[in-house]
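Below: the structure, in structure tokens.
The values are calculated or read from the model by the stated rules, or taken from the named source; none is laboratory data. Please read these numbers as outputs of a predicted model, since none were measured by experiment. Methodologically, a virtual Cβ is constructed for each residue, glycine included, from the backbone with ideal geometry; neighbour enumeration extends over all protein chains shown.
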Amino acid sequence: MKFDKSFIKRLKKKDKKAQELFYQYLAPKMYGICIRFSSCRADADDILQEGFIRVFTHLKGFRGEGSIEGWVRKTIVNTAINFYKKSVKRGISVELDYLKANPSGKTFAIEKMAADEILGLIRNLPDGYRTVFNLNVIEGYTHKEIGEMLEISENTSKSQLSRARAMLKRRIMPKGNKDTNG
Amino acid sequence: MDNNQANIDQIIKEKLEQFQTPPPAHVWAGVEQGILNDKPPLFFAYAKQLAAALVVLILALAAWYFIPVNENTQISETEIIDEGGQVETASIVVTDDEEESRETGTPVNEIDDESNKSSSNKVDAKVISTGIVAENKSDNSSQEQDKLNNDRPHQLSYLDNKEVSSIENAESLISDTDYAIENIVSFNNRKAVQINVSSAEEEIIGFKNYWNIGLYFTPEMMFNNVDSVTLMNTYSLNIEPSWYFNKHWFMRFGAGISYVRDRGFAKVDYLSSDYMGSYDSVVNITFEEISGEYFPVYHTKEVDIWDSIRHLSVSEITNTYYYLQFPLMFGYHNSTAKVKWYFYGGPAMNISIHEQIQDPKADIKYIEVIDLENRLPLRTDYSLQLWIGAGIDFRIGQKFSLAFEPNYRYYFEPIYQENNYKTALSGLGLRLGLVYKLDRK
């Protein structure tokens, strides 16, 4: 989807109907990102809401370099990062939740898994692991960039990604492949 | 291991990168609320309108302050028909502190000695006049005049373009002419018809109701609380008779035509073939022999890549309406010599007589329109408003005056048909009027 200049102009004027249209078109995709970054739907809802408020209030800062969809995506990701940072400051951890959420120890073949199944696995990662995994593997940020964003060292980012991968691997790789690939 | 991990990453990325699912409805409600909280305070939201209102107010006050009019001064004008049937006009200025009478226009050549004596003994006079009266009294000293001013607070004056006479002259003039305010309409056996009555005259002969009729042009700025609709300035042209049925009260009604425009947008969702880039396509391969060895030579051709891309765009739309306007106002007025000020209020009704609804269309060629949706709401055929306003009326002649009226309109009912646009509306206008005073009956 490409948004024409005339439409962006309306958005910059804070035209409410244009904002609603814009939201209708982009929210499903952005909500997918929010779900990836959060451990529960309620958090995803909060990230999406806060993210779009930021989009509409800071849209004047969009200078038309690149696609507006990319700009919105970046804003939503930044919102998710801030959300994570706040939860870290509050001392919230979902490590135990993660363990509780996977009592069966069931494993899957990743190729056969649907997107929402993979999503379920990622969402059950601990907050830090999940955030780093999302930023590096799916959003394509380097460890240096992730370190700056999350205010952690580059090495911490790398180790968290490694642990996230290991956790996912244990969950998604069939047992038969585990030894041969490991 | 690394290859396998990269493969897993790639699979996860592909499966999740484009993953999407509709969010719950309450999220948009939260976004709306968040945007609302971000809006500037009401004062800043209406800064433009408030600034316009302030400018109008300042102009009105400046006009009021700088117009050189003696306070408590009233003018009465008299049309005098002499024995020969010639019409002459005269106006009289009377103030509380210094009651002056001013006579202008055609010189009054004769004044009856005996007929009008009633007020000469009550009022001291300073006379300025052309014609016989002034010529007879033109040799007075300023000292005498000062003395008169100091000693006698109440003076009756005739004003002229040429000269000023002293109190004695005025007294003698009054004595000679037996001029009196109460009887000014009957100079020297002339038939006098009053055509313009002021407060001074009203005090003397009582108020007589009268009519005037005004042609008013009104640019009006609308206070816009309507989402996605820009209310353009409204322009109205009205003809409104006013009936001054009381010394201070009047009624105004009439009809007018109002030109109204709304600007909004239509959503245009379309597919277009967009240029994505190019690549070199091999069209032929030849072989060249170099030192006994054959090397392939690839002949390429640049090929452009086009793809069908979905766009979301908007198309500007302007709807135009013409309304008949029927105001019915009641007001209070008061006057000074050159200025009449007043305020008024009352209901007004708008009835639609014509509308031009623009059809939305995509301005871009070679596209496939997926969805075209007009988002500009339509106005109702009828609306009822409350008008309130204040005005200043500057005389620019015997019968004409210019009126400046800051005016506020409040719509009792929503002006749009759709339920989503049920919002109160108001407008601030400046009415500019040319007013003609009709003869009294």
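Using the structure shown, decide if A:THR57 is at the interface with chain B (Cβ under 7 Å from one of its Cβ atoms) and in contact with an Asp or Glu (Cβ under 6 Å, 6 or more places away or on another chain). Answer is yes for this residue.
For the stretch B:405-430, which residues satisfy the criterion of being of a type in the set (A, V, I, L, M) and exposed (fewer than 14 other Cβ atoms within 10 Å of the Cβ)? The answer is B:ALA424, and nothing else. Exactly one of (1) at pLDDT below 85; (2) in contact with a strand residue (DSSP E or B) (Cβ under 6 Å, 6 or more places away or on another chain); (3) within 14 Å of chain A (Cβ to nearest Cβ) is unmet by B:ILE364. Its number? Unmet for B:ILE364, out of (1) at pLDDT below 85; (2) in contact with a strand residue (DSSP E or B) (Cβ under 6 Å, 6 or more places away or on another chain); (3) within 14 Å of chain A (Cβ to nearest Cβ): (2). What are the residues in the stretch A:25-52 that are at the interface with chain B (Cβ under 8 Å from one of its Cβ atoms) and polar (S, T, N, Q), if any? Listed by number, the list holds a single entry, A:GLN49.
Residues are listed down the side, and each one gets a yes or a no for (1) of a type in the set (Ser, Thr, Tyr); (2) free of Cβ contacts under 8 Å to residues at least 24 places away in the same chain; (3) buried (at least 19 other Cβ atoms within 10 Å of the Cβ):
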{"residue": "B:GLN358", "(1), (2), (3)": "no, no, no"}
{"residue": "B:LYS361", "(1), (2), (3)": "no, no, no"}
{"residue": "B:LEU376", "(1), (2), (3)": "no, no, yes"}
{"residue": "B:SER383", "(1), (2), (3)": "yes, no, yes"}
{"residue": "B:ILE396", "(1), (2), (3)": "no, yes, no"}
{"residue": "B:ALA403", "(1), (2), (3)": "no, no, yes"}
{"residue": "B:LEU432", "(1), (2), (3)": "no, no, no"}
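None of B:SER315, B:SER273 is in contact with a Pro (Cβ under 6 Å, 6 or more places away or on another chain), in contact (Cβ under 8 Å) with a residue 40 or more places away in the chain and over 17 Å from B:MET349 (Cα atoms) except B:SER315.
Scanning the stretch A:124-155 for residues being among the basic types (Lys, Arg) and crowded, with 21+ Cβ neighbours inside 10 Å gives a total of 1. Here A:LYS14 clears all of (1) under 27 Å from A:THR131 (Cβ atoms); (2) of a type outside the set (Asp, Glu); (3) part of a loop (DSSP other than H, G, I, E, B); (4) at the interface with chain B (Cβ under 10 Å from one of its Cβ atoms) except the condition numbered (1). Inside the stretch A:3-38, residues that are of a type in the set (Lys, Arg) and touching a Lys or Arg at 6+ places or on another chain (Cβ under 9 Å) make up a count of 6.
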